[in-house]
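The values are calculated or read from the model by the stated rules, or taken from the named source; none is laboratory data. It should be emphasised that the depicted structure is a prediction, and the values quoted were computed from it without experimental measurement. Glycine gets a Cβ as well: all are built from the backbone with ideal geometry, and neighbour counts include every protein chain shown. The accessibility values were calculated without ligands, DNA or RNA, using every heavy atom of the protein model including side chains. Shrake-Rupley method; radii C 1.70, N 1.55, O 1.52, S 1.80 Å.
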Amino acid sequence: MHLKSKQSGATLIEVVVTVLVLATGLLAMGALQTRSLQFNQSAFMRSQANIFAYDIVDRIRLNRGDKSTNVVAYNVDYESSAPSTNTRARDDVTAWREAMSKVLPDAKGKIECVNAAASVTTRLCTISIKWSDTSLFGDYSASNKDGQTELIYTSSL
């Protein structure tokens, strides 16, 4: 006796399950790609903020003067205008802020320098840079404090 088993093709249920599994996999890959781009953009902005911190520290080093008397001339808060006591410091801070605003969204910079001429180790500058990182955290607001990122860099001059 010969038993013949006939199967002429896949059933409709098998096709639907296959399409659902494939669609889920493709959607997951798309979401993964989107998050990858968001993290890449955030890392780029952090790198740029780091470059701007090094830039202003180098500018301060170039203009620190005899016994670092010009270091405190660079002190500026986030919302205040550029310092007016030293022309070079004013020009440096203005150029630094303009360059940041072109690269980092809603960029703000703060500089706090301490000068104690008696000791070399106490000549410290703390550079703080804030910007909006909407690609990862959404728009910055009172209810969403994560929308703003801050880099704080301290250097001895």
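Sort Leu37, Leu62 by accessible area with a 1.4 Å probe, largest first. Please report the intermediate quantities before stating the final value.
On the way: Leu37 105, Leu62 155 Å².
Largest to smallest exposure gives the sequence Leu62, Leu37.
In region 34-109, which chymotrypsin sites (Phe, Trp or Tyr not before Pro) are in a loop and have at most 14 other Cβ atoms within 10 Å, using DSSP for the loop call? Could you put the intermediate results ahead of the total?
Details: sites: Phe39, Phe44, Phe52, Tyr54, Tyr74, Tyr78, Trp96; in loops: Tyr78.
Answer by residue number: Tyr78.
Between Phe44 and Thr85, what FRET efficiency comes out of the Förster formula 1/(1 + (r/R0)^6) with R0 = 30 Å and r the beta carbon distance, rounded to 0.05? Can you show the working numbers first?
Working: r = 35 Å, r/R0 = 1.17.
Once rounded, the FRET efficiency stands at 0.30.
So what's the gap between the Cα centers of region 69-89 and region 16-49, to the nearest angstrom?
If we compute the Cα centre of each part, the gap is 44 Å.
Can you tell me how much longer the chain between Thr69 and Ser101 gets when fully stretched, taken as 0.36 nm per residue apart minus their C-alpha distance, in nm with one decimal? Intermediate results must be reported in sequence, preceding the final value.
Working: separation 32, 0.36 × 32 = 11.52 nm, distance 2.87 nm.
Working it through step by step, the gained length comes to 8.6 nm.
Under the rule of at least 5 residues apart or a separate chain, name every residue whose amide H is placed under 5 Å from the amide H of Gln148.
Asp133
Need the full-extension length gain, Ser156 to Ser135, defined as separation in residues times 0.36 nm minus the C-alpha distance. One decimal, nm.
Working: separation 21, 0.36 × 21 = 7.56 nm, distance 3.33 nm.
The Ser156-Ser135 span can extend by a further 4.2 nm.
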